[in-house]
Amino acid sequence: MNLYPFVESIAGDAALSEDLEKLKDYEWLLGRVYEKIPPKSGSGTFELPEPQVIRVGTQTIIKNFRDISQKLKREPDMVSRYLMKELASAGSYEEGSGQLVLSVKVSSKVLKQLLDMFVKSYVKCPTCGSIDTHIEKRGKVWILVCEACGAEQTLKPF
Ligand SMILES: [Zn+2]
């Protein structure tokens with residue numbers, strides 16, 4: 001009796017159901033992502049790069065920190081100061097590697113949420129939703145200036 005086709009069919013089914021599980025997760029995630037994006041927001045959709053996070057002991061390293069800052073058109077120093085303030089943590093940006101090293105254990109999920117908050121408060125134009133903005137410091141006042149629609153918004157300095 002040749003058992004081979006039988007064995008193969010079981011293995012095949014197992015692999016298939018595993019794929020289906022992955023697909024379901026993927027669809028679920030995708031659904032969640034779409035829920036969070038407002039239907040029409042100014043100049044199309046902006047996607048924050050996923051923070052690449054590694055944790056070493058009590059430190060958390062964001063490997064692609066420079067890329068993230070560049071996408072947001074903000075100095076890494078400013079973005080890192082924001083994260084350190086929110087996490088009440090020390091940290092240092094490494095110019096050479098483009099990494100941010102935080103002296104705290106924090107998950108990539110929390111970092112993503114903080115970066116989303118940063119985008120909402122310090123990057124995105126509240127008038128048109130564009131992220132083509134910059135911050136002007138006038139004395140002690142910070143102004144978010146939109147390059148797309150020209151709107152200005154006073155920000156809370158940090
Ligand atoms: Zn605008």
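Since every read-out is calculated from the coordinates, none of them should be taken as a lab result. Small disclaimer: the values here were computed from a predicted structure and weren't measured. Counting neighbours? That spans all protein chains shown, and the Cβs are built from the backbone with ideal geometry, glycine included.
Being more than 16 Å from the ligand (Cβ to nearest atom), of a type in the set (G, A, S) and touching a strand residue (DSSP E or B) at 6+ places or on another chain (Cβ under 6 Å): is that true of S92 here? Here the answer is yes, as S92 does meet what is asked. Among the residues here, L72 qualifies as within 16 Å of the ligand (Cβ to nearest atom), within 17 Å of the chain's Cα centre (by Cα) and surrounded by 16 or more Cβ atoms within 10 Å (Cβ to Cβ).
Please note which strands (runs of 3 or more DSSP E) are completely contained in the range 78-147 and include at least 2 residues that are over 15 Å from N64 (Cα atoms) and over 16 Å from the mean Cα position of the chain (by Cα). Before you say what the answer is, go through the steps one by one.
Values: elements: 91-94, 99-102, 133-138, 141-146.
Counting at least 2 such residues, we get 133-138, 141-146.
If you go through the range 110-158 and keep only what is within 14 Å of the ligand (Cβ to nearest atom) and of a type in the set (G, A, S), you end up with G129, S130, A148, G150, A151.
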